[in-house]
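Contents: one structure, followed by commentary.
Nothing in this text is a laboratory measurement; each read-out follows from the coordinates by a stated rule. This one's a predicted model, so the numbers in the text were calculated from it and none came from an experiment. Neighbour counts run over all protein chains shown; Cβ positions are idealised from the backbone, glycine included.
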C-alpha cells in the first residue's frame, strides 16, 4: 500500500556515495507521520571535503563521536526493508548512497520499492517546496525527507482524485 512509506534523505561527507554523514527519514502510515529520525553518522575515516561541509554544514567535529553506518543500520533497517522508499533524486543519488554504503560495510541490501519525487514532479526540491509552500531547511537530511514525504502525499492525493 503506497500510503505507507518511508521518505529518506542522505547527506554525504564527500564525493563518494558511501560517505554518508547524516540520515533523515520520515515514516508515514495511512497518510499520518508516525516517526521522524535524524541521525548523524561518522563517515569512513571521518573524512570530509570542504565544499560538502559548505553545502550541509555538517563537520568532522560533529560526527567524531557518532556511530558509523554499520552501527546505525539496525536502527533504520526496519523503515527500509520491504517498504515503499521515497526520495527526491532517489534513483540518481539516495538509493545509490544506501546501496554503496551497505556494500562498503559488507551488509546485504534489503528489498524495497523505490519511488522518486523528482521523477514524479520533474523539478528540484527547493522549487517544489516554494510552489507547494512546504517548509524546507535544504540539505538537512530530516528537513529534506519531511519535504519529500509531503510531496509524495500530494502525489498520492492526485492519484486518488483522478
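Brief remarks on what is shown
- Highest-first packing order for the peptide set 63-74, 78-89 is 78-89, 63-74, based on the mean count of other beta carbon atoms within 10 Å.
- Label of the coordinate-derived value, volume of the Cα convex hull per residue in Å³, listed as (1) 144; (2) 107; (3) 232: (2)
- For segment 38-80, relative contact order (Cα pairs under 8 Å, six or more residues apart, normalised by length) works out to 50 percent.
- Antiparallel DSSP beta bridges within the chain, percent to nearest 5: 70
- Per-residue ellipticity at 222 nm, computed for the chain from helices alone with -39500 (n - 2.57) per DSSP H run of at least four residues, works out to -12000 deg cm²/dmol.
- Across segment 1-74, C-alpha contacts under 8 Å between residues 6 or more apart give a mean separation that, scaled by the residue count, equals a relative contact order of 27 percent.
- For segment 1-129, the relative contact order comes to 25 percent (Cα pairs under 8 Å, sequence separation of at least 6).
- Sorted peptide list for 91-99, 138-146, criterion being average Cβ within 10 angstrom, highest first: 138-146, 91-99
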